[in-house]
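Read the structure below first, then the notes.
The values are calculated or read from the model by the stated rules, or taken from the named source; none is laboratory data. Predicted model only: the values in this text are computed from it and were never measured. Please note: Cβ atoms are built from the backbone with ideal geometry, for glycine as well, and neighbour counts cover all protein chains shown. Heavy atoms of the whole protein, side chains included, go into the accessibility calculation; ligands, DNA and RNA do not. Shrake-Rupley method; radii C 1.70, N 1.55, O 1.52, S 1.80 Å.
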Amino acid sequence: FDDRMFRAQRQGKTSFYMKSLGEEAVSIGAAFALQRDDMCFPSYRQQGILIARDWDLVDMMNQIYSNKGDRLKGRQLPIMYSAKDASFFSISGNLTTQVPQAVGWAMASAARGDTRIAASWCGEGSTAEGDFHAALTFATVYRAPVVLNVVNNQWAISSFAGFAGAESTTFAARAVGYGIAGLRIDGNDALAVYAATAGAAERARTNHGPTLIEHFTYRAEGHSTSDEPGSYRSAQESAEWQLGDPVTRLEQRLGALNRKP
């Protein structure tokens, strides 16, 4: 899907696209660990959640093309999907607005006595936004049943993660000051993402409060089709990334399981 839409943009068939290469496990692992009706508040690189929930790929393509088949009638920028029936909240280009929205939705769910929880995703650079910290405050005070995912893909557009504080501490450590459970995981291991999300979801559903998960991963492509990563990082950096490709790693894990007697 990523490759097809990337080529379409390069052919001038659509104006914009953002690939998820290198970060697939973050979305797919989490989607299978959550319940189908748990509400997801994604950032712009979590289209894998929709795909994992068997959403129609043609519908997603129509949104990107803003054609007559687009349910959103061209009112959203390309890749800013919205799918209520998939429990997938509208993507916003404004960074981190989805995090307080997820916390508020989770608070409302708890107030209604509902068993559904919320999950949000944001990049490591956008944890500097005020919305992120306001969300964590409300999440801990109200013990909101929410899973807060920080996707640390090493690059906030063209700025290395260190500029956002990664050289001083982990992003998972930001949970400590708010009294929130926090953990850092290998975001390129789909099984690790699944296990961490399943545990966080269980905590939320049993009234043990929110969890912040830092997914340590790598953005293998540019920030978007408007970005040229070769201008700020070496061409070899992606290939030399030590945690490897998440799809290849999952294939290897499954292959090893199949070989066992």
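Would you check which residues across region 62-90 are open to solvent by less than 60 Å² (accessible area, probe 1.4 Å), within 18 Å of residue 42 (Cα to Cα) and outside any strand (DSSP E or B) and list them?
63, 64, 72, 76, 78, 79, 80, 81, 82, 86, 87, 90 - these are the residues of region 62-90 that are open to solvent by less than 60 Å² (accessible area, probe 1.4 Å), within 18 Å of residue 42 (Cα to Cα) and outside any strand (DSSP E or B).
Restricting to region 182-203, and then to whatever is assigned to a strand (DSSP E or B) and out of contact with any Leu (no Cβ under 7 Å at 6 or more places or on another chain), can you tell me which residue is farthest from residue 133 (Cα to Cα)?
Once the filter is applied, the top-ranked residue is 185.
Please specify each residue of region 137-156 satisfying the condition of being in a helix (DSSP H, G or I), surrounded by fewer than 24 Cβ atoms within 10 Å (Cβ to Cβ) and in contact with a Pro (Cβ under 9 Å, 6 or more places away or on another chain).
138, 140 - these are the residues of region 137-156 that are in a helix (DSSP H, G or I), surrounded by fewer than 24 Cβ atoms within 10 Å (Cβ to Cβ) and in contact with a Pro (Cβ under 9 Å, 6 or more places away or on another chain).
If I go through region 223-245 residue by residue, how many of them are assigned to a helix (DSSP H, G or I) and within 18 Å of residue 123 (Cα to Cα)?
The number of residues fulfilling the criteria is 1.
Here is a list of conditions, (1) open to solvent by less than 20 Å² (accessible area, probe 1.4 Å); (2) within 23 Å of residue 93 (Cβ to Cβ); (3) not basic (Lys, Arg), and residue 200 meets all of them except one; can you say which number that is?
Condition (2) is where residue 200 drops out.
Applying the selection to region 86-104, what residues are closer than 20 Å to residue 51 by Cα and touching an Asp or Glu at 6+ places or on another chain (Cβ under 7 Å)?
Matches in region 86-104: 87 only.
For region 27-42: of the residues being open to solvent by 20 Å² or more (accessible area, probe 1.4 Å) and in a loop (DSSP other than H, G, I, E, B), which is nearest to residue 193 (Cα to Cα)?
My answer is 35.
Looking at region 92-121, I want the residues that are part of a strand (DSSP E or B) and among the polar types (S, T, N, Q) and have a partner that is open to solvent by 40 Å² or more (accessible area, probe 1.4 Å) and at pLDDT 95 or above with Cβ atoms under 8 Å, at least 6 apart or on another chain. Which pairs are those?
Sorted first by the residue in region 92-121, then by its partner, the pairs are 120/101.
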